[in-house]
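The values are calculated or read from the model by the stated rules, or taken from the named source; none is laboratory data. Predicted model, so just to flag it, every value in this text is computed and none were measured. Every residue, glycine as well, gets a Cβ built from its backbone with ideal geometry; the counts of neighbours run over all protein chains shown. Surface areas here come from the heavy atoms of the whole protein model, side chains and all, with no ligands, DNA or RNA. Shrake-Rupley method; radii C 1.70, N 1.55, O 1.52, S 1.80 Å.
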Amino acid sequence: MLIATTAQMRELDRAAIEEWKIPSTELMERAAEGVAEAVLKELKGRPGKSAASIFCGTGNNGGDGIAAARLLARSGMQVRVFLVGGYEKMTEDAKEMTRRLSDAGVNLEQWRPDAELCQFVRRSQVIVDALFGVGLSRPIRDPVLVELVERINRAEALVVSADIASGVEADTGRILGTAVHADRTVAFTMPKAGHFAGEGKLCTGRLQIWDIGIPPALIRQGTYWTQSIDADYVSAVLPRRKPDGHKGAFGKASLIAGSVGYTGAPVLAAKAAVRTGCGLVTLGVPESIYAITAGKCDEPMPYPLPDTKGQFSKKALQSFRQRASGSDAVLIGPGVGRAPEAAWLMRSLLEELSVPVVVDADGINALEGHIDVLDRRKGRVTVLTPHDGEFARVGGDLSGGDRLGTAREFARAHGCYLVLKGHATVIASPEGTALINTTGNSGMAKGGSGDVLAGMIVSLLAQGAGPMAAAAAAVWLHGRAGDLAAQALTEYAMTPQDMIGRISAAFQSIRI
Ligand SMILES: NC(=O)C1=CN([C@@H]2O[C@H](COP(=O)(O)OP(=O)(O)OC[C@H]3O[C@@H](n4cnc5c(N)ncnc54)[C@H](O)[C@@H]3O)[C@@H](O)[C@H]2O)[C@@H](O)CC1
Ligand SMILES: [K+]
């Protein structure tokens, strides 16, 4: 799904109102219909037997809530509508909705956490959160608001957020102060990054996009730099398989991985690469672990490279050149260790390889203090796959909490493709585009999971996918395989090996 920025949302609303002469109150009424419909659809009992507490801020998000309250009252629900903030601060449209509400016989009440109101909130089956939308501009600090957000989050009621969970920064997914944890979010016109990225994802609940009547022609005019990755996206970008292709037609991936102490990483990466479809997977490992690696590999082709004290030595470079010539894509780093010669090898490979290179784990660590090596690859394809710790080692600063923005900046500055792994993995390109993944679970946060992903990415690159396509498809399929493994085995017990076994089922869940 294409993701709009708050600036783009404002521009769409403005153009619809000023250029297309669509009354702003009409847009607000449509937004309210979306919220009311979501509430009524989810309601367990009959509307006449149900109560809703509707919390409204003073901006237009609050206006949406006030309008939704009228629609819910009309359905027979017992609604009480609470304004949080001063009446005089309300926008004109929100005031207009207040008049319409009062014409329908419902009053807008000032929120105060007294016993009687709190009692009503406690017995409400539904809470509508219309405190802040894309206009949230600073952290929520007002004690009345902070207490209210906590109250909403403690409540048993179904919580439906209008546009975005209040407290989530729409462009980043950061929580500003505190935030509502919604069960459902009805987002207007287009999704925002905050629905998918960072902690915002956890506050969103089930997301629904609701058309409020912005002309499609206006929406099409925009250039959207961010997208979420879903099954349709993956099936669109996956390299097609030629019916008459032989194994050479599906690419050769060369992996350089492993050390004494890390014998699993190379095998996991290589097996995942095979499972993801490439024709040939070769795997260079330090001599000391060759025998054990060979014993674990059937389809991938392992070979020994010179090592010293169990990690690659400088001599491995020459041997790798001979073995890996003709590769379509290379993966370096899983489990290679951090000894100086192994790190030197990682950097030397980056300097000389002209084919796409995926740099994972200790391959990334080898760039600590040597980021110039990465910069010199500008123009060649490099996919870096750090988790937060590795990202920090190469200068990625996540202290601001904006994973999306930070990833985008890094990719642009260093001319690489960045796969910033974690909850809602972000992928950023040197051109400034970014993707946010929607699959995966905490059962994947286990050693070996990253090796599987790296193998999947290099496999797709070898098959001819572009770097964004390869990264996006691999990340989504990897998460999907993880979700399927969790369903079958629980997040506790599932292993990266189990995920490799479910890559096939992940493929089956998309149109191919
Ligand atoms: N015509 C439009 O522009 C439409 C807007 N719509 C709704 O309007 C929303 C945007 O409305 P607004 O731009 O009025 O913004 P919001 O309603 O999101 O909030 C802005 C208000 O909150 C205040 N505020 C921001 N951060 C605060 C904080 N931390 N503590 C206390 N107060 C804070 C601001 O000063 C401002 O008064 C959208 O998310 C959507 O829900 C929809 O009604 C559709 C049409
Ligand atoms: K909201």
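For the pair Ser348 and Lys44, what calculated FRET efficiency results from E = 1/(1 + (r/R0)^6), where r is the Cβ-Cβ distance and R0 = 56 Å, to the nearest 0.05? Write out the running numbers ahead of the final one.
Values: r = 64 Å, r/R0 = 1.13.
Here the calculated transfer efficiency is 0.30.
Give me the angle, in degrees from 0 to 90, between the Cα long axis of helix 6-18 and the longest principal axis of the Cα atoms of the chain, rounded to the nearest 10.
40
Could you check the simple spin-label distance between Glu109 and His246, using points 7 Å along Cα→Cβ, in nm with one decimal?
Once both label points are built, they end up 7.9 nm from each other.
Compute, for the chain, the length of the dipole vector about the Cα centre, with Cβ point charges of +1 (Lys, Arg) and -1 (Asp, Glu) only. Units Debye, rounded to 20.
1020
Against the longest principal axis of the chain, how steep is helix 340-352, in degrees 0 to 90 to the nearest 10, with axes from Cα atoms?
It works out to around 80 degrees.
Sort 488-500, 276-288 for me by packing, meaning the mean count of neighbouring Cβ atoms within 10 Å per residue, highest on top.
Top of the packing list down: 276-288, 488-500.
Which FRET efficiency, nearest 0.05, do Glu156 and Gln318 yield, Cβ-Cβ r, R0 60 Å?
Given R0 = 60 Å and the Cβ-Cβ separation, E is 0.35.
Would you mind estimating how fast segment 2-222 diffuses translationally, via Stokes-Einstein at 4 °C and 1.567 mPa s with the Kirkwood radius over Cα pairs, in µm²/s?
Working: Rh = 17.0 Å.
After rounding, the answer is 76 µm²/s.
Relative contact order of segment 2-222: what whole-number percent is it, with Cα pairs under 8 angstrom and at least 6 residues apart? Mind dumping the intermediate values first?
Numbers: 466 pairs, mean separation 47.7, N = 221.
It comes to 22 percent, rounded to a whole number.
For Lys271, Lys309, Lys242, Lys89, what's the largest-to-smallest order of accessible area, 1.4 Å probe?
These residues rank, largest area first, as Lys309, Lys89, Lys242, Lys271.
Return the aspartates and glutamates within reach of Lys309: Cα separation strictly under 13 angstrom, same-chain partners fewer than 8 residues apart disregarded; answer none if there are no such residues.
Those aspartates and glutamates meeting the cut-off are Glu287, Glu341.
So, with a 1.4 angstrom probe, what is the percent of accessible area on segment 260-380 that is carbon and sulfur?
Numbers: 2420 of 4870 Å².
Solvent-exposed carbon and sulfur of segment 260-380 make up 50 percent of the total.
Once you order the gyration tensor axes a ≥ b ≥ c over the Cα atoms, which shape class does segment 231-508 get: rounded for a/c under 1.5, otherwise prolate or oblate by comparing a/b with b/c?
It comes out rounded by the Cα gyration axes.
Please list 3J(HN,Hα) in residue order for segment 231-245, calculated via the Karplus relation 6.51 cos²θ - 1.76 cosθ + 1.60 where θ = phi - 60°; whole Hz, with x for glycine and proline.
Calculated HN-Hα couplings, in order: 4, 5, 4, 5, 5, 6, 9, 5, x, 6, 9, 6, x, 9, x Hz.
Of all trypsin sites (Lys or Arg not before Pro) in segment 116-160, which ones are in loop regions per DSSP and have a Cβ with at most 14 other Cβ atoms within 10 Å?
Arg123, Arg141
Chymotrypsin sites (Phe, Trp or Tyr not before Pro), restricted to segment 170-267: which are DSSP loop and have at most 16 other Cβ atoms within 10 Å?
Answer in residue order: Tyr224.
When the helix-only estimate is applied to the chain (DSSP H runs of n ≥ 4, each -39,500 (n - 2.57), divided by the residue count), what is the mean residue ellipticity at 222 nm, nearest 500 deg cm²/dmol?
-13000 deg cm²/dmol
Give the shape of segment 395-512 as rounded, prolate or oblate, defined through the alpha-carbon gyration tensor: a ≥ b ≥ c are the square roots of its eigenvalues, a/c under 1.5 means rounded, and otherwise the shape is prolate if a/b is larger than b/c and oblate if not.
Oblate is the answer for segment 395-512, as a/c is 1.5 or above yet b/c matches or exceeds a/b.
Across segment 120-137, in residue order, what do the Karplus-derived ³J(HN,Hα) couplings come to in whole Hz, using 6.51 cos²θ - 1.76 cosθ + 1.60 with θ = phi - 60° and x for Gly and Pro?
Running phi through 6.51 cos²θ - 1.76 cosθ + 1.60 with θ = phi - 60° gives 5, 4, 4, 9, 6, 7, 9, 10, 9, 9, 10, 7, 9, x, 6, x, 4, 10 Hz.
For the pairs Lys201/Lys296; Lys21/Lys49; Lys271/Lys421; Lys21/Lys89; Lys89/Lys192, note any where the Cα-Cα span goes beyond 30 Å.
Distance filter (> 30 Å) returns Lys201/Lys296; Lys21/Lys49.
Assuming a viscosity of 1.567 mPa s and a temperature of 4 °C, what translational diffusion coefficient in µm² per second does Stokes-Einstein assign to the chain, Rh being the Kirkwood radius over Cα pairs? Each step should come with its number before you reach the end.
Values: Rh = 24.6 Å.
Rounded to a whole number, D works out at 53 µm²/s.
Could you work out the relative contact order of the chain, using alpha carbon pairs under 8 angstrom and six or more residues apart, expressed as a whole percent?
12
Hey, rough spin-label estimate for Arg14 and Arg511, points 7 angstrom out along Cα→Cβ, what's it come to in nanometres?
Distance between the two pseudo-spin positions: 3.7 nm.
Near the amide H of Val358, under 5 Å away, which other amide H atoms are found, from residues 5 or more places off or on another chain, if H is placed in the peptide plane?
It is Val330, Leu331, Ile332, Val383, by chain and number.
Simple spin-label model, 7 Å along Cα-to-Cβ: Glu147 to Ser399 in nm?
That separation, rounded to one decimal, is 3.5 nm.
Can you work out the accessible area per residue across the chain, with the rest of the protein chains kept in place, probe 1.4 Å, in square angstrom?
Averaged over the residues of the chain, the accessible area is 40 Å².
Quick one: pull the percent of accessible area on segment 1-96 belonging to carbon and sulfur, 1.4 Å probe, ligands and nucleic acids left out.
52
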